[in-house]
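To keep things clear, I will list the structure first and then write my remarks on it.
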Amino acid sequence: MKVFGVRVAGGFAASLLAVAALGLPGRMIAQGAATQGNTAQGTAPATAPGMASIHGHVTDRAGITVTSGEVKLTTDRSANANRKFEYTFPLDAGGNYQGTGVKPGNYVAVVYQSEVSVDFLPAQIAAGEDKTLDFDMTRKEYIDKLSPAEKEQLEEFKKQHAATVAANAKIENLNAMLTSSRANIKAGNFDPAVKAMTDATAAKPDEPILWEVLGDAQLGVADAAAKAAKTAKTTDPSLPDKYGVAIASYQKALSLNAASSKSSAETAAIANNQLGQALGRLSVATGQPEKAKDAAAAYEAAAKADPSKAGMYYFNEAATLFNASAMDDAAAAADRAIAADPAKADAYYIKGQALIQKATVDASGKVTAPPDCVAAYQKYLELAPTGAHAEEVKGILQGIGEQVKSTYKAPGKK
């Protein structure tokens, strides 16, 4: 009987990295806080006789949409700090503004951000008109008013922004590759996932998550080859190499994560768990019991990195050691799993299976199992009376002359 451990449910966050953003301060054109005037809300609609409406878009001096602030209308051309504004229209997330119920007139339209004016334009609005007034701060008249220092700052920002846009495009592409590869791995399409994640790690070789997912794809390839060889009742000499590349990818993920200034305990736990899976399966496929010991060390590192999931990681260790016929070590690992999660039924099953090897037979043929073995089997039945191994456990207990407790009931039954 072989019992393999489990992959961490959920895995890493869906996105590889968040995109970066740069903010460019607006040029101060008119000083001082604006006095709130009438807004578009609550005024008469543009269709009312003699009234008008206005709308437009605001772009900053680097050509980037302005997504916060407002556009204000005033007939006061004094440019003093206390001038009154008749209308205020907020900018939306797309950098657009609009307002209705505007009286015809000769206005100055001013863009404000954080109570500082950053641009203005004349706005002659006629009765019944739906006026379009866009603020494009890349226009020559605007740029010409900047000081030499401000122009130098603008050019530097444009360079930084171009680099940020390029970096974000790269990250978005990597995120898409990551998402599609995870979907392919889940569907059993391992080869395209290996190709995509090989390309991804070449594009960004310092990202642990990419190496971890590449390892998952490579592990899928190795498992598929091992299954095919078993079905065909033959051997596959390429298995050590196939498992070896997955192991190397997980180790790369771990080393990068450990060296990172933003190292993640979750990343360390999951990559160590997957490293344990690869080493354990290599041990079974190639008959190398020493690899099971290496797998056990990886699982214990996973449990140390994320104690909240220690029960699962120690169970995986117990299962791997059991598969490698290291029964004493498997029983000890099962005890660690039980200590971390006393309700984990399968850990009791592994413990019972490991300890039953120590059963003795006397001259009369009576079988005596270690007390801890019987207790582990009984506890398994208590926790999982209809579990996958329930009938097997009952048969073992009856076979060694132990009474199967009759009080076990399926979960939810009284």
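Which order do the peptides 393-404, 263-274, 236-247 come out in when sorted by mean C-beta neighbours inside 10 angstrom, highest first?
So the order, starting with the most tightly packed, is 263-274, 236-247, 393-404.
How long are the three semi-axes of the equivalent ellipsoid for segment 83-220, computed from the Cα gyration tensor as the root of 5 times each eigenvalue, in whole Å, largest first?
Output for segment 83-220: semi-axes of 51, 21, 11 Å.
Which aspartates and glutamates, on any chain, are close to Lys252 with Cα under 17 Å apart, when same-chain ones fewer than 8 places away are left out?
Asp199, Asp206, Glu207, Glu212, Asp216, Asp241, Glu266, Asp294
Remind me, relative contact order of segment 38-151 in percent, using alpha carbon pairs under 8 angstrom and six or more residues apart?
36 percent
Using a Gaussian network for the chain with springs between C-alpha atoms less than 10 Å apart, which of these wobbles most: Ala222, Ala292, Ala369?
Sorting by GNM fluctuation, first place goes to Ala369.
Which of the peptides 133-141, 116-124 is most tightly packed, and how do the rest follow, judged by the mean count of other Cβ atoms within 10 Å per residue?
Peptide ranking by packing, descending: 116-124, 133-141.
According to the Kirkwood expression over distinct Cα-Cα pairs, how big is the hydrodynamic radius of segment 265-414, in Å?
About 16.0 Å, per the Kirkwood formula over Cα pairs.
Charges at C-beta only: +1 for Lys and Arg, -1 for Asp and Glu. How large is the resulting dipole of segment 46-123 about its Cα centre, in Debye rounded to 20?
Roughly 240 debye, rounded to the nearest 20.
Counting only DSSP beta bridges with both residues in segment 38-151, tell me the antiparallel percent, nearest 5.
If we restrict to bridges inside segment 38-151, about 75 percent are antiparallel.
Assuming 0.36 nm per residue, please report the length gained on full extension of the stretch Glu86 to Lys158 beyond their Cα-Cα distance.
Working it through step by step, the gained length comes to 22.4 nm.
Taking the Cα centre as origin and putting +1 on Lys and Arg beta-carbons and -1 on Asp and Glu beta-carbons, what dipole magnitude results for segment 168-399, to the nearest 20 debye?
Once rounded to the nearest 20, the dipole reads 240 debye.
Show that you can apply the helix-only estimate: for the chain, add -39,500 (n - 2.57) for every DSSP H stretch of four or more residues, divide by all residues, and state [θ] at 222 nm to the nearest 500.
Value at 222 nm, helices only, nearest 500: -16500 deg cm²/dmol.
Which links in Lys242/Lys358; Lys170/Lys262; Lys233/Lys351; Lys351/Lys394; Lys262/Lys291 stretch past 27 Å when you go from one Cα to the other?
Beyond 27 Å: Lys242/Lys358; Lys233/Lys351; Lys262/Lys291.
So for the chain, taking the charge dipole from beta-carbon charges (+1 Lys/Arg, -1 Asp/Glu), which of Ala93, Pro49, Thr75 sits furthest toward the positive end?
Ala93
Largest first and to the nearest Å, give the Cα extent of segment 38-151 along each principal axis.
Ordered largest first, segment 38-151 gives principal extents of 49, 31, 23 Å.
Among Ala369, Gly280, Ala123, which residue has its Cα positioned farthest towards the positive end of the charge dipole of the chain, with +1 placed on the Cβ of Lys and Arg, -1 on the Cβ of Asp and Glu, and the dipole taken about the Cα centre?
Ala369
Under a point-charge model restricted to the Cβ atoms of Lys and Arg (+1) and Asp and Glu (-1), what is the dipole moment magnitude of the chain relative to its Cα centre, in debye to the nearest 20?
I would put it at about 780 debye.
Pairs of alpha-carbon atoms within less than 8 angstrom and 6+ residues apart define the contacts here; what relative contact order does the chain have, in percent?
The normalised contact order for the chain reaches 12 percent.
Between Pro385, Ala224, Ala259, whose Cα lies farthest towards the positive end of the dipole of segment 168-399 when Lys and Arg beta carbons carry +1 and Asp and Glu beta carbons carry -1, centred on the Cα centre?
Ala224
Each value in this text was obtained by applying a stated rule to the coordinates, not by laboratory testing. Source: prediction; values computed, not measured. Note: ideal-geometry Cβ built from the backbone for every residue, glycine included; neighbour counts use all protein chains shown.
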